[in-house]
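The values are calculated or read from the model by the stated rules, or taken from the named source; none is laboratory data. None of the values given here were measured: they were computed from a predicted structure. In this analysis, Cβ positions are derived from the backbone assuming ideal geometry, glycine residues included, and neighbour counts consider all displayed protein chains. In case anyone asks, the SASA skips ligands and DNA or RNA and just uses the protein heavy atoms, side chains included. Shrake-Rupley method; radii C 1.70, N 1.55, O 1.52, S 1.80 Å.
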Amino acid sequence: MQLVFLGVNDVGEQIHDWLRDRDNVTVLELIETKENLGLVKELHPDIVVSVGYDYLVPSDILSIPEKGCVNLHPSYLPYNRGKSPNVWSIVEDTPAGVTLHYMDEEFDTGEIIAQRRIETDFSDTGKDLHDRLENTQLDLFKETWSDIETGDIETTSQSRDEGSYHS
């Protein structure tokens, strides 16, 4: 499978490296800026994987990969879409967790592929929760990847009337 990887944060770098080490995956490009999104049109990957990418991907790019565009987000969607979800889980006492979802025209609103909830504690700091979310993101991605490759996925729709968004 040929893919383009968008973004890189700490867990994104681990996932990028893990994908590059797979025999049946070719990472065609790593894109960190919105100015380079046109490369997706040139490369026509089978899938786009986004982890820590800070920009909204337009629909003309989202429609290119046959297997879609997936994003790994450190929140239990639909809660805490957007930036700094670990902090908002603590501040607003909303569910914490990680979500792998298909990307659509808005931030973090696409069909959910897989999720894992993480319990929080009164003593948690933003950093404590951030670190647990990163470890869980890596595990969830690795466990779900074979289903993405085979297309053996049952998605769940998100309610746009529930949850929260923070920019």
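Using a 1.4 angstrom probe on the protein heavy atoms only, could you order S167, S84 from most to least accessible area?
S167, S84
Mind sorting out which of (i) 54; (ii) 12; (iii) 28 is the real percent of Cα pairs over 30 Å apart computed from the coordinates?
(ii)
At what distance in nm do the modelled label points of T150 and N9 sit from each other, each positioned 7 Å from its Cα along Cα→Cβ?
3.1 nm
Suppose we keep just the DSSP beta bridges with both residues in the chain; what percent of those would be antiparallel, to 5?
Antiparallel bridges make up about 40 percent of those DSSP assigns within the chain.
Got a sec? What order do Y165, Y53, Y76 fall in by accessible area at 1.4 Å, biggest, i.e. largest, first?
The most accessible residue leads, giving Y165, Y76, Y53.
Which net charge results for the neighbourhood of I153, defined as the other residues with beta-carbon distances under 11 angstrom from its beta-carbon, given Lys and Arg at +1 and Asp and Glu at -1?
Cβ neighbours under 11 Å give a net charge of -4.
Report in % the part of the accessible area of the chain that belongs to carbon and sulfur, leaving out ligands and nucleic acids; probe 1.4 Å.
It is 42 percent, rounded to a whole number.
Residues of segment 60-167: accessible area per residue at 1.4 Å, in Å²?
Ligands and nucleic acids excluded, the result is 52 Å² per residue.
Please give the Cα centre distance for segment 90-167 versus segment 3-69, rounded to the nearest Å.
Measuring centre to centre over Cα atoms gives 18 Å.
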